[in-house]
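Beneath this line is the structure, given in structure tokens, with notes to follow.
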Amino acid sequence: MEKNKKPVSWGETFRLSCRAFLLFVRRYPQMVASRMVSAVWTALTPYVGIRLSALLVAELAGERRPDRLGFLVLASLFSAALIALISAFLNRWRKARGIGVWWTMEEIFSDKLLEMDYIDLDEAETGELLERIRQNQNSGGWGLYRVLERYEDLCLAAITLLGGISLTVSLFAARVPESAGAYTVLNHPLFLLAIVAVLLGITWLSPALANRAGSIWALNADTHSQVNRLFGFFGVLGQNRDVAMDVRMYRQDKICERYTRNKEGAFGSKGMFARYSRGFVGFCSAASSAVSVIFTGAVYGFVCLKAWAGAFGLGAVTQYVASITKVAGGVSQLISSLGDLRNNAAFLKQTFSFLDIPNKMYQGSLTVEKRRDRKYEVEFRNVSFRYPGREEYALRNVSMKFEVGKRLAVVGRNGSGKTTFIKLLCRLYDPAEGEILLNGIDIRKYDYAEYMTLFSVVFQDFALFSLGLGENVAASADYDEGRAEDALQKAGFGERLSAMERGLETYLRRDYDQDGADVSGGEAQKIAIARALYKDAPFLVMDEPTAALDPVAEAEIYEKLNEIVGDKTAIYISHRLSSCKFCDEILVFGEGAVVQQGTHASLLADEGGEYSRLWSAQAQYYAES
């Protein structure tokens, strides 16, 4: 949000808020029902006590019949007990269902991330947008969750109004007797209209002032979220074990003081929000409370004046004061909730701008042929690609064919297009120009999810989770233990596995299990390789598969290469050209194009070629001086 931005129109506010509310209805109907039913019950039950109390006071001030008094006392006790019992049940139901609200919101965002085109997910702007949404949600409570709360308040306000009006209509209808003299002016329609107008005006003013104060926080939400984000990082930096060594070696705790002890900062005692609180925002909040007190005084004055003039008895005074106060509370809550929804609408626009990011990639419908011989042929035909918002091409006119069942190495300098080539192959991106064919058919025509099953990939930035080792290998809670152990053995993790008392049930790291195992970078990479082997896809793609391994472990992987790969087509991206000697063919990338293609021996023989230069640059460090 931008500061001083015009508020969203009421029409758009209702449209966005209804859409957000319906998201919860579809995702978690029981939670929504628990809140709405609780709101209706909470709004209605006070009027039972109000009515019974009025009858009891009226009886005490009038005939004082013992049987009538006994009945009213028992009715009051019984209704209070019943209301308390049902309220406890509804409160328990609401709380039990409310536990899943946060997860429901996370599910909404996660589902969008999973179904989104990877090219959009990979964009920095997408990540920044989602981060702003989450920061506004966590720091100020803006966004989806606020809609749920306000709809609950609106339901509560509406039912409170209906119940209160039903008990207060007679207040204005009750006439002062003609014998009251000058007090008969209280019967005049203009006087009644004036009283209603004054009461409504005071009732409107209180939440209006509160909403005005709230709008200041909404307009400055970006500042609040950014500062909260910085504080959330630097305030707990000393607890982050991943950076603990750097923090101590370079005394980076000193940087934290800038964000945690600066009184001039946004959250500081001399900062922007403190100035707002001492100034206009504080005034609005205080005035809102003061106006509420004025309303209470006006209500008491009007009701007592009519009672003094003889319009009704003492019992009715109790009923009218309590019920009209409830009506005022309902009106105030209604206005406050609507104002808060309008303040929140700009954050909903931000949320839906993320949820409405369109998918442009064609999903396809053709079934991928399931070949027992795994004979899949892939061809790049004049493929070019550039990232959104960039003029230069990451890949330009790439044409080549995979020879099925062989080992292909992809090498080149940083930024030469190697990883982009793999992402296009796996259809994380679609080419800007040209086409990629699988068995002679454009891969865009295949069912997207089914096409993805053809590839097992070990990316450079793979992720292991704080779950069991077997679950990490299988990427599933249910897995074949024999297959998982076999994959780990082939990936060179067998010795470490045998040393684990709980075997595949051993948790990685200690986030959720104090007996969890910490693994080194090299061991983590072996687990990632095992995950790719467990999937058993026809194409095995490894992006720097031995980067974190020591020379002995690397040699072990390459010695077992044929066993690991089997009948799969293997593609290696590597900066270590020694790995290329094990491959049948090598693609050399340079500035987004394939500049050389051939075997290790043939490329090395071309002494003026890029491959020879790269080989020589690495070999000089191993040659004898």
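The values are calculated or read from the model by the stated rules, or taken from the named source; none is laboratory data. Bear in mind the structure is a predicted one, so any value in this text is a computation, not a measurement. Positions of Cβ are backbone-derived with ideal geometry, glycine not excepted, and every protein chain shown enters the neighbour counts. Protein only, heavy atoms only, side chains kept; ligands, DNA and RNA dropped before computing areas. Shrake-Rupley method; radii C 1.70, N 1.55, O 1.52, S 1.80 Å.
Quick notes on this one:
- Cα shape, segment 447-523, gyration tensor, a/c 1.5 rule: prolate
- Take each peptide in 184-194, 9-19, count the other Cβ atoms within 10 Å of every residue, and average; sorted highest first, the result is 9-19, 184-194.
- Of the GluC sites (Glu not before Pro) in segment 439-532, those whose Cβ has at most 14 other Cβ within 10 Å and which sit in DSSP loop: E501
- A simple rule links phi to the HN-Hα coupling: the Karplus curve 6.51 cos²θ - 1.76 cosθ + 1.60 with θ = phi - 60°, which for segment 346-363 gives 4, 6, 5, 4, 5, 4, 6, 5, 7, 5, 9, 4, x, 8, 9, 6, 6, 7 Hz, with x for Gly and Pro.
- From its DSSP helices (H runs of at least four residues, each -39,500 (n - 2.57)), the chain gives a residue-normalised ellipticity at 222 nm of -19000 deg cm²/dmol.
- Measuring nothing but protein heavy atoms, the accessible surface of the chain at 1.4 Å probe radius is 57 percent carbon and sulfur.
- For A517, the residues whose amide H sits under 5 Å from its own are Y507, L508, R509, ignoring neighbours fewer than 5 places away on the same chain, with H placed 1.01 Å from N.
- W93, W103, W142, ranked by accessible area, largest first (probe 1.4 Å): W103, W93, W142
- Think of a 1.4 Å ball rolled over the protein heavy atoms: the chain then has 52 Å² of accessible area per residue.
- Gyration tensor (alpha-carbon) shape descriptor, segment 3-60, a/c threshold 1.5: oblate
- A 1.4 Å probe, protein heavy atoms only, puts the accessible area of E63 near 140 Å².
- Loop chymotrypsin sites (Phe, Trp or Tyr not before Pro), segment 500-547, which have at most 16 other Cβ atoms in a 10 Å radius of their Cβ (DSSP): Y512
- Largest to smallest accessible area among F354, F280, F21 [probe 1.4 Å]: F280, F21, F354
- Cα gyration tensor shape of segment 68-172, rounded if a/c is under 1.5, else prolate or oblate by comparing a/b with b/c: prolate
- Summing charges over neighbours of S456, with a neighbour being any other residue whose Cβ is under 10 Å away from its Cβ, gives +2 when K and R count +1 and D and E count -1.
- Magnitude of the charge dipole, segment 1-143, Cβ model with Lys/Arg +1 and Asp/Glu -1, debye to 20: 1020
- Long-range amide H partners of H575 with built H, under 5 Å: none
- Each of D606 and R510 was given a label point 7 Å from its Cα along the Cα-to-Cβ line. The distance between the two points is 5.4 nm.
- Estimated at the nearest 10 Å², the accessible area of D356 is 80 Å² with a 1.4 Å probe.
- Stretched out straight at 0.36 nm per residue, the stretch from S520 to E391 would grow longer than its current Cα-Cα span by 42.4 nm.
- In segment 397-545, taking the dipole from charged Cβ atoms about the Cα centre, the farthest positive-side position among G494, I527, V404 is held by V404.
- Accessible surface, 1.4 Å probe, highest first, among residues V411, V552, V327: V552, V327, V411
- Taken about its Cα centre, the chain carries a charge dipole of about 3520 debye when Lys and Arg each add +1 at the Cβ and Asp and Glu each add -1 at the Cβ.
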